[in-house]
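The values are calculated or read from the model by the stated rules, or taken from the named source; none is laboratory data. Treat the numbers as computed from the prediction; the structure is a model and nothing was measured. Please note: Cβ atoms are built from the backbone with ideal geometry, for glycine as well, and neighbour counts cover all protein chains shown.
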């Protein structure tokens, strides 16, 4: 493989060198034309052999346009000129059920060839229904816009750019989007592999955790939403140095970037530029306004380019381009106190005095009138907003307890509180003593009800989670062996 890579690099340099010469005589022109043609034929042969080597199996990171996420395909190239293409996405599902929303697996064999067209070009030159569906000029079935005549804008011919290690870099012939092929072991089962890729998304983002943050090397953050869709909306976070009349206004400065998830991590379709300060944004924009024809990036402090992220053991994403930038949820105590997330107590996976206080609440209710508690939920009850901006000015929370009566039917008890986010990473459920009428009835008659509220109010809880990016399950600990588990839910 090293020899093949070395040969390719030499050939590429030769091709570039040959194209730089222009001859004034027919005789010299023939010499150079023949030499260039020979070298092009050698590059064509080299890429053809490269694609079928070692079993010919590759993962393709396929982007069609900037408004869709990337799609993973597995391709197995055969020396006979055929290729098995396998994919698993919702548009393959729609081939047989137009109303489908979940990904479905599909595979089909078709033809391929490395042709010469302004350089070596990989062409999928016979129709493959699971791949060319992105090239069909048809209306995309699940969008409100009409894409008739365009479809997804996907390419099916790719200019071969370079081979580096186990990766083959290409660009779409029409739309110039970078497409990456990564060699896979020949014994990989396509269906199993793609099932695992689809399942990966749940380890990265969850729609139950709506807000995550890109933290830049200088500590500035971008609020990021819609990660689970892989069309990620982001804007600088407002803080003491970036106010909404600068570049921290979501409406004015939000931008969207599409990405793909593979076993290696997350990759945006293109490198994205993020600014650690408002002044850095101004300087960067001023540079390009003054130098519209420039081909190199300016060296400006606190301007960052990011594209590739690798999943870490703690569930965070680390940028491999700079080794510093991360994508995580907010601090866990702030996640628990978020206005956008509801939490349900899981008493089966809770222990110690906290769990016992919840159990005594349950048994006290049953002893009182035979009622049974169905769930304990920590939720946002209601908010007040600034009439001019729509921003939340005050939030009101409640521990919402659903109770089933002995003779049927249910009712709710609401115990109002404010979550207190402490600087040491803990959070306190600070009940203010007000409740709805149902709750007041039992506070008066069941001591265990008020006892639970008093215990939570007096107990700072330390949150922990397996994932720093999608902490949908958190353990709230008050000490060794004393904790409750809560799960995010819709």
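Taking residue 137 as the residue in question, decide whether it is under 30 Å from residue 341 (Cα atoms) and assigned to a loop (DSSP other than H, G, I, E, B). Talk me through it step by step, then tell me what you get.
Details: under 30 Å from residue 341 (Cα atoms): no; assigned to a loop (DSSP other than H, G, I, E, B): yes.
So residue 137 does not fit the description; no.
Hey, among the residues in segment 280-296 that are without any contact (Cβ under 8 Å) to a residue 12 or more places away in the chain and assigned to a helix (DSSP H, G or I), which one's farthest from residue 214 (Cα to Cα)? The selected residue is 290.
The single residue among 273, 243 that is in a loop (DSSP other than H, G, I, E, B) and more than 26 Å from residue 60 (Cβ to Cβ) turns out to be 243. It is to be established whether one or more residues within segment 348-369 are under 30 Å from the mean Cα position of the chain (by Cα), modelled with pLDDT of 95 or more and over 16 Å from residue 439 (Cα atoms). Yes, segment 348-369 has at least one match.
Would a scan of segment 390-406 turn up a residue that is touching a residue at least 12 places away in the same chain (Cβ under 8 Å) and loosely packed, with under 11 Cβ neighbours inside 10 Å? Checked segment 390-406: at least one residue is touching a residue at least 12 places away in the same chain (Cβ under 8 Å) and loosely packed, with under 11 Cβ neighbours inside 10 Å.
Return yes or no: is residue 383 in contact (Cβ under 8 Å) with a residue 40 or more places away in the chain and touching a helix residue (DSSP H, G or I) at 6+ places or on another chain (Cβ under 9 Å)? Against the criterion (in contact (Cβ under 8 Å) with a residue 40 or more places away in the chain and touching a helix residue (DSSP H, G or I) at 6+ places or on another chain (Cβ under 9 Å)), residue 383 does not qualify. Does residue 127 meet the test of being without any contact (Cβ under 8 Å) to a residue 40 or more places away in the chain and surrounded by 14 or more Cβ atoms within 10 Å (Cβ to Cβ)? So residue 127 fits the description; yes.
Do you know which residues across segment 166-193 are assigned to a loop (DSSP other than H, G, I, E, B), farther than 19 Å from residue 132 by Cα and touching a strand residue (DSSP E or B) at 6+ places or on another chain (Cβ under 9 Å)?
Keep residues of segment 166-193 that are assigned to a loop (DSSP other than H, G, I, E, B), which gives 166, 173-177, 184-189.
Now drop any that are not farther than 19 Å from residue 132 by Cα, which leaves 166, 184-189.
If the condition is that a residue be assigned to a loop (DSSP other than H, G, I, E, B), farther than 19 Å from residue 132 by Cα and touching a strand residue (DSSP E or B) at 6+ places or on another chain (Cβ under 9 Å), then 166, 184, 185, 186, 187, 188 are the ones that fit.
Filtering segment 194-229 to residues that are under 30 Å from residue 107 (Cβ atoms) and either in a strand (DSSP E or B) or touching a helix residue (DSSP H, G or I) at 6+ places or on another chain (Cβ under 8 Å) (or both) leaves 201, 204, 205, 206, 207, 227, 228. The set of residues in segment 96-114 being surrounded by 14 or more Cβ atoms within 10 Å (Cβ to Cβ) and in contact with a strand residue (DSSP E or B) (Cβ under 9 Å, 6 or more places away or on another chain) consists of 103, 104, 105, 106, 107, 108, 110, 111, 112, 113, 114.
Can you say whether residue 313 is farther than 21 Å from residue 178 by Cβ and either assigned to a loop (DSSP other than H, G, I, E, B) or modelled with pLDDT under 95 (or both), as far as the supplied structure shows? Yes. Looking at segment 415-490, the strands (runs of 3 or more DSSP E) lying wholly inside it that each contain 1 or more residues that are touching a residue at least 24 places away in the same chain (Cβ under 8 Å) and closer than 17 Å to residue 352 by Cα sit at 462-464, 473-479, 482-489.
Inspect segment 154-163 for any residue being touching a residue at least 24 places away in the same chain (Cβ under 8 Å), part of a strand (DSSP E or B), loosely packed, with under 13 Cβ neighbours inside 10 Å and not assigned by TED's automatic domain parsing to the domain that holds residue 269 and give the result as yes or no.
Keep residues of segment 154-163 that are touching a residue at least 24 places away in the same chain (Cβ under 8 Å), which gives 154-160, 162-163.
Adding the requirement that they be part of a strand (DSSP E or B) leaves 157-160, 162-163.
Then drop every residue that is not loosely packed, with under 13 Cβ neighbours inside 10 Å, which leaves 162.
When the remaining residues are screened for being not assigned by TED's automatic domain parsing to the domain that holds residue 269, the result is 162.
Yes, that holds for at least one residue.
Quick check on residue 249: is it modelled with pLDDT of 90 or more, over 18 Å from residue 325 (Cα atoms), in contact with a strand residue (DSSP E or B) (Cβ under 9 Å, 6 or more places away or on another chain) and surrounded by 15 or more Cβ atoms within 10 Å (Cβ to Cβ)? In short, no.
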